[in-house]
1. Could you tell me how many of the residues in segment 211-236 are open to solvent by 10 Å² or more (accessible area, probe 1.4 Å) and at pLDDT 95 or above?
2. Being crowded, with 17+ Cβ neighbours inside 10 Å and away from the ligand (no atom under 16 Å from the Cβ) is the filter here, so list the residues in segment 1-30 that pass it.
3. Residue under question is Ser283, and the condition is that it be within 15 Å of the ligand (Cβ to nearest atom), touching an Asp or Glu at 6+ places or on another chain (Cβ under 9 Å) and open to solvent by less than 10 Å² (accessible area, probe 1.4 Å); does it hold?
4. Do you know which of the residues in segment 238-264 that are part of a helix (DSSP H, G or I) and either within 25 Å of Leu155 (Cα to Cα) or open to solvent by less than 20 Å² (accessible area, probe 1.4 Å) (or both) is farthest from the ligand (Cβ to nearest atom)?
5. Yes or no: Arg212 under 25 Å from Asn310 (Cα atoms), under 22 Å from the mean Cα position of the chain (by Cα) and assigned by TED's automatic domain parsing to the domain that holds Leu341?
6. Do we find a residue being within 13 Å of the ligand (Cβ to nearest atom), open to solvent by less than 30 Å² (accessible area, probe 1.4 Å) and not aliphatic (A, V, I, L, M) anywhere in segment 161-171?
Amino acid sequence: MKIGIVCYPTFGGSGVVATELGLELSKRGHEIHFITYNQPVRLELISNNVHYHEVNVPEYPLFHYQPYELALSSKLVDMVKLHEIEILHVHYAIPHAYAAYMAKKMLQEEGIYLPIVTTLHGTDITLVGSHPFYKPAVTFSINKSDAVTTVSQSLKDDTLRLFDIKNDINVVPNFIDLEKYNHEFTDCQRAMMANDDEKIITHISNLRPVKRVQDVISVFYNIQKEMPAKLMFIGEGPEKEKVELRCQELGILDKVVFFGRSNEIDKILCFSDLFLLPSQTESFGLAALEAMASGVPVISSNTGGLPEVNIHGESGFLSNVGDIEDMTKNALYILSDETRLKTFKNNARKEALKFDLHAIVPQYEAIYEDTLAKCLVL
Ligand code: GMT
């Protein structure tokens, strides 16, 4: 199949999933066309069946807001015609599903039928999309998609609760390349980051308010009072400065390593003992899955799709949003006993096996095939 993929090219989970999906589909023989405004961050390999088409939005002083959707839909029309793309998979509803529908209508005028698969990732539904300013357009573009998927059952439930959806929704969970996170025979070079007696706690996110990064600091502060520990803090975002200031106030700056954005998540997770994800809302929690695939137990909130990924008492523990005490208690329970820590590490990896990309990617392929077949009949 010739598949067009539209996504955000940044470090966010939706862009990562879209990129990894495209790369795996290309290995399975499909021709993949990424169409976005920058080369996706995890798109390191451009092979002969992976293409990247950049959407340019020329600055024009008259525009207070530059019209990205317009540029994207025009680019989609051009690329579909030029490369004979058969199906378009858009990740994140805003504005991708909307721009895709416009492209589809333009192509229809020329007798070309372009089926659209929309994957909803989370904040496009729970935080941004349901805002009254966007809701009519988001509802419309979900209903006009030929197939719709969500990354968890919880996100499907939220979508049906928040929007008037007429389409069926398929749940296709986030997935992971287990090989990339298999550290069984790797020297993780742990000694570079911490002393032998120090536990390594890790947090990865885009440091937006929804991630509740101050809770990460509070839990870590409590842990390091009880045992030697270091915090690996990965990501960039609007909360970073506040976090740095708080660490200074608490006198723990020397115990926190700020990595910024990193393309070496697997290497950092390799030497981690525990992962913290206390988010306010999380449709799936790809970062938690990456940790688990590396054999790192997870202390998370119990919000959204997290209970579908992090299994309470097995791969880690779940607590109510903002319950620092419970998160601390659970973290100390796991970390304070080496045998227990090892059991949780093994369980985390075992739970991650359920999300093996070899099991999940064919689910998308099946959706493409069904959608194409349905559209041929129409
Ligand atoms: O977490 C973010 O803020 C990034 C966001 C995105 O759209 O890139 O992530 C969302 O999509 C990921 C991939 O499907 C999910 O694993 C994340 O849970 C989800 N984030 C939220 O729901 C907050």
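1. Selection size over segment 211-236: 13.
2. Ile3, Gly4, Leu25, Ser26, His30
3. It is false that Ser283 is within 15 Å of the ligand (Cβ to nearest atom), touching an Asp or Glu at 6+ places or on another chain (Cβ under 9 Å) and open to solvent by less than 10 Å² (accessible area, probe 1.4 Å).
4. Checked segment 238-264; the qualifying residue farthest from the ligand (Cβ to nearest atom) is Cys247.
5. For Arg212, the condition - under 25 Å from Asn310 (Cα atoms), under 22 Å from the mean Cα position of the chain (by Cα) and assigned by TED's automatic domain parsing to the domain that holds Leu341 - is met.
6. No: zero hits.
The rows are residues; the columns are (1) outside the structural domain of His89 (by TED's automatic domain parsing); (2) assigned to a helix (DSSP H, G or I); (3) surrounded by 18 or more Cβ atoms within 10 Å (Cβ to Cβ); (4) within 15 Å of the ligand (Cβ to nearest atom).
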position: Asn143; (1), (2), (3), (4): no, yes, no, no
position: Thr149; (1), (2), (3), (4): no, no, yes, yes
position: Leu155; (1), (2), (3), (4): no, yes, yes, yes
position: Asp158; (1), (2), (3), (4): no, yes, yes, yes
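Residues are listed down the side, and each one gets a yes or a no for (1) within 16 Å of the ligand (Cβ to nearest atom); (2) of a type in the set (Ser, Thr, Tyr); (3) modelled with pLDDT of 95 or more; (4) open to solvent by less than 30 Å² (accessible area, probe 1.4 Å):
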position	(1), (2), (3), (4)
Ile32	no, no, yes, yes
Gln39	no, no, no, no
Tyr60	no, yes, no, no
Ser73	no, yes, yes, yes
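The values are calculated or read from the model by the stated rules, or taken from the named source; none is laboratory data. Everything numeric here is computed off the predicted structure, so don't read it as measured data. Please note: Cβ atoms are built from the backbone with ideal geometry, for glycine as well, and neighbour counts cover all protein chains shown. Surface areas here come from the heavy atoms of the whole protein model, side chains and all, with no ligands, DNA or RNA. Shrake-Rupley method; radii C 1.70, N 1.55, O 1.52, S 1.80 Å.
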